[in-house]
Structures are given as C-alpha cells and as structure tokens.
Amino acid sequence: MNKKYGIKMYFNPSLGQSENHKQHIKMKLQDKIFPREANNNYNGSKIAFYTLVGIAVVFFFRSIIHFLAPDSGVQMIASITKFEGNPDPNRIVYMFSALGGAMQLIMVILYGIILFRYRNLIPLMFVLLLVETIFRQIVAFIHPLTPIYFESKPPGTYVDLPLFIISILMIYLSTRTPNALSNEKLEKPNT
C-alpha cells in the first residue's frame, strides 16, 4: 500500500500489471464519483472547480427567473406563445415552469454546498448535470414543441449540446489523477 499520496494501491500477482492498473483506475473512478465519505478534499482539476462555479452562477439567475418572474420566463425569455382561454391556461404553464425553477434553485443550493463544504462531490455534480441534460433531450423528444408554440427558438435549446460536452469533459477533469500520481508505479510484492 502506498501512503505517500494518501491513496491505496494494491498489486495482485495473479493479474498482470496492466490488469492491476485497469482495476485500480476503475475502482478509483467509482470512488471519485461516489466517495465513501463527503469532505472538502478535492484532487481534480481547478478548471472543473471553476467551471462548476460558473455554471452555479448562471443557473442561479436562470432558476430565479423561472421561480419568481410573473410569467416564469416562458414568454419574456423563451418566447412561448401566450394561449387564449377561460380560465387562463397560461397560469398552469407558469406554475409548472415556476416549479421547475424551484427544482433548479434547489440544485443551485446543492452546488453551493458542494463548492463550499464537500468538494470531493464535484465529479458527482457533473454526472448529475450530464443526466439532467440527457433527461431534457428525452423530454424534448417525447413532448416536442413545434415552431407554432414559440416566436423564436427558446435559449434553452441552444445550451443542451454544449452542456452535454462540458459535462463529459468536466467529469474527466474532475476525476483525473494528478500527474504525480499517474507517474507513480504500482507496488509490487517483495519476492
């Protein structure tokens, strides 16, 4: 076991060194995304950390608009068509959009807690962001909105692909092993 960097590395003589390395990497990736203990010891890239800070700030403003704006942003920002009817059908649209804003705000609060207190969960936050982006595409596929429902394409439709790519890249950067560890050799048993 190597304690120099506070990590455990084992060598199984029945496996080749490359198999041991693959097994170690797989275990470490799983442990980095789902650590056994939440703490503030983050060993990933600073780029991933500051990217999550930026995402949290942008998502804060997005969630506040959806949560508190009179039309929950569906007309003033997303340019969704206003519907006619009695009783007013738009109130239901605003209510569900505001509920979505409340859920977004809860995620922003969680991002803040992670950034200030439990930084080793940053990789998990990027996994959740990736899952959210995939779910948004599934919803768009199941319930597609054709151009008759909006005046111009809502801004949210333009961010899904970049968020998908950023999430994958940040999962990699937040879970990668620092250079000092990647150059460290796996321990071999004394023979």
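The values are calculated or read from the model by the stated rules, or taken from the named source; none is laboratory data. Worth saying up front: this structure is predicted, and the values here are computed from it rather than measured. Counting neighbours? That spans all protein chains shown, and the Cβs are built from the backbone with ideal geometry, glycine included.
Would you confirm whether or not segment 71-79 contains a residue that is more than 15 Å from ILE171 (Cβ to Cβ), touching a Lys or Arg at 6+ places or on another chain (Cβ under 7 Å) and buried (at least 18 other Cβ atoms within 10 Å of the Cβ)? Yes, there is a match, as at least one residue in segment 71-79 is more than 15 Å from ILE171 (Cβ to Cβ), touching a Lys or Arg at 6+ places or on another chain (Cβ under 7 Å) and buried (at least 18 other Cβ atoms within 10 Å of the Cβ). Annotation: of all residues in segment 76-109 being in contact (Cβ under 8 Å) with a residue 12 or more places away in the chain and in a loop (DSSP other than H, G, I, E, B), the one that is farthest from TYR158 (Cα to Cα) is THR81.
Free of Cβ contacts under 8 Å to residues at least 60 places away in the same chain, more than 26 Å from LEU68 (Cα to Cα) and β-branched (Val, Ile, Thr): does that describe THR146? Yes: the conditions hold for THR146. The helices (runs of 4 or more DSSP H) found entirely in segment 110-191 that carry 3 or more residues being modelled with pLDDT of 95 or more are 122-142, 156-175.
Per-residue answers, yes or no, for (1) β-branched (Val, Ile, Thr); (2) closer than 30 Å to ARG119 by Cα:
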site	(1), (2)
ILE134	yes, yes
THR146	yes, no
PRO154	no, no
MET170	no, yes
THR177	yes, yes
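Scanning segment 129-160 for residues that are polar (S, T, N, Q) and surrounded by 15 or more Cβ atoms within 10 Å (Cβ to Cβ) yields a single hit, THR133. Can you confirm whether segment 118-125 contains a residue that is touching a residue at least 12 places away in the same chain (Cβ under 8 Å), of a type in the set (A, V, I, L, M) and over 30 Å from ASP31 (Cα atoms)? No; the residues of segment 118-125 include none that is touching a residue at least 12 places away in the same chain (Cβ under 8 Å), of a type in the set (A, V, I, L, M) and over 30 Å from ASP31 (Cα atoms).
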